[in-house]
Amino acid sequence: MSTQLDAPASCPSCAAPARAGARFCRACGAELSSAGPLVPAPRTGEHDQVAARPRIRSATWRRWLPGRRLRLILAGAVVVVLLVGYGVTSLIAAGNGPDDRVRDLFAALADRDGVQLGKVADCDGSAMCQPASLRQGYQPPEQVEIRSVAYGDPAAGDTTRRPNRNRATVSVRYQVGGQAHDQAVTLTRDGRGLLRSWRVLDPPGALMDVISATVPTARLAGAEVATVRAPAADDRSDGAVWAPPGVYTLAAVDTPLVAAVPSTVVVAADRQAATVDVTVRPEVVDAVTGQVRERIDACARQPDLQPDTGSGPLSNCPLGVTTRYAFTRDARWAVLEYPRVELRQDDAGAVTVRTVTPGRARVTYSYTLDVVEPRSWTSTAETLDITVGGAVAVDSGRIVWAG
């Protein structure tokens, strides 16, 4: 039988086996020397059963464990916040670059969305950035490609010579009408922070001079724009219209006298001029032609060598014969052929009448050389051309020829 001295010592606090000569318990950390004399550990035989004693933590361990756990929790929370913040920052930065702003601009063009274009390109006041401007008569650019992004020159006084990250130039290539065009889009942003939006300073597209001497307004795609008689000198923007890149239908705004002749205009990176074509409405031509014939017939019914159906001081008839005879009578007119006329707009915008092929009329009358009765009368006849002119106007909705 072994003695108490042969058995291994145990910790009086937690009953864990302790090495001989050890100052602290390996299990609970209690100081063995201050805990009292070592107690021999009980020896168990093959059939002995020893009840397990609960493990008791020391006061030192209980004080250390909560503080360490709190520190670990706080450290983990800080790491999570930093990772989340980095991810959010990366997402914001990834979708808020100057090239993203340019992509949004071309996406608005592809959607033919004038309202969105106004927001992205900062052109709310432009005629081409209205709700219906791009809905009809417009084909957006194709195969849009962002070529490069260059940031601005270093700010004044910046000794590091770093690029100005608040100003950028985005080089973009696109196709319009089957032709490739390269254009630089400049952008800027103000303030500080990640949520700042880029603002387009020089949007893609070009200035366009819509020229017409006859109509004050024209329709470019779905937008109504003012016309000019000539492009502004010295490349000034006076009267010019900014249009984003694309293929447009250009047409005059119809009036009661003229109708538009649509044309196709390709807008890319270079300023250009486009002339508005118009034609006099066919119904106006028919109305004026009928009024010309009515006037000639009314004049031909007058038994006078100088007929007049009006009330003004001048004759309104395109018929008239000047004779050298002092005494004439029995004037009779016969219209042999009516004139063929053409209506066009002049440089002042008025619709005028021009004779293309003169008509013909024949007048017969009698003349005498006798001064006193009885007089002797001689019959004669003359044939003359009929030409008409004048202008056409609208009076209370009615087409009126004044000639």
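For the stretch 128-206, report the translational diffusion coefficient in µm²/s to the nearest whole number, using Stokes-Einstein at 4 °C, 1.567 mPa s, and a Kirkwood Rh over Cα pairs. It diffuses with D of about 87 µm²/s by this estimate. Working note: Cα gyration tensor of the stretch 147-193, eigenvalues times five, square-rooted, sorted largest first, giving semi-axes of 30, 11, 7 Å. Measuring nothing but protein heavy atoms, the accessible surface of the stretch 242-292 at 1.4 Å probe radius is 56 percent carbon and sulfur.
For the peptides 294-303, 251-260, 320-329, the ranking by mean Cβ contacts within 10 Å, running from highest to lowest, is 251-260, 294-303, 320-329. Its alpha carbons give the stretch 252-381 an Rg and a Dmax of 23.2, 89 Å. Ranking VAL247, ALA300, PRO358 by Cα position along the charge dipole of the stretch 226-367, where only Lys, Arg, Asp and Glu carry charges on their C-beta atoms, puts ALA300 farthest toward the positive end.
One Cα centroid belongs to the stretch 261-326, the other to the stretch 206-241; the line between them spans 29 Å. From most to least packed by mean Cβ count within 10 Å, the peptides 390-400, 341-351 give 341-351, 390-400.
The values are calculated or read from the model by the stated rules, or taken from the named source; none is laboratory data. From a predicted model like this one, the values you see are computed outputs, not experimental measurements. FYI the Cβ positions are ideal-geometry reconstructions off the backbone, even for glycines, and counts take in every protein chain you see. Note: accessible area is taken over every heavy atom of the protein model, side chains too, but ligands, DNA and RNA are not part of it. Shrake-Rupley method; radii C 1.70, N 1.55, O 1.52, S 1.80 Å.
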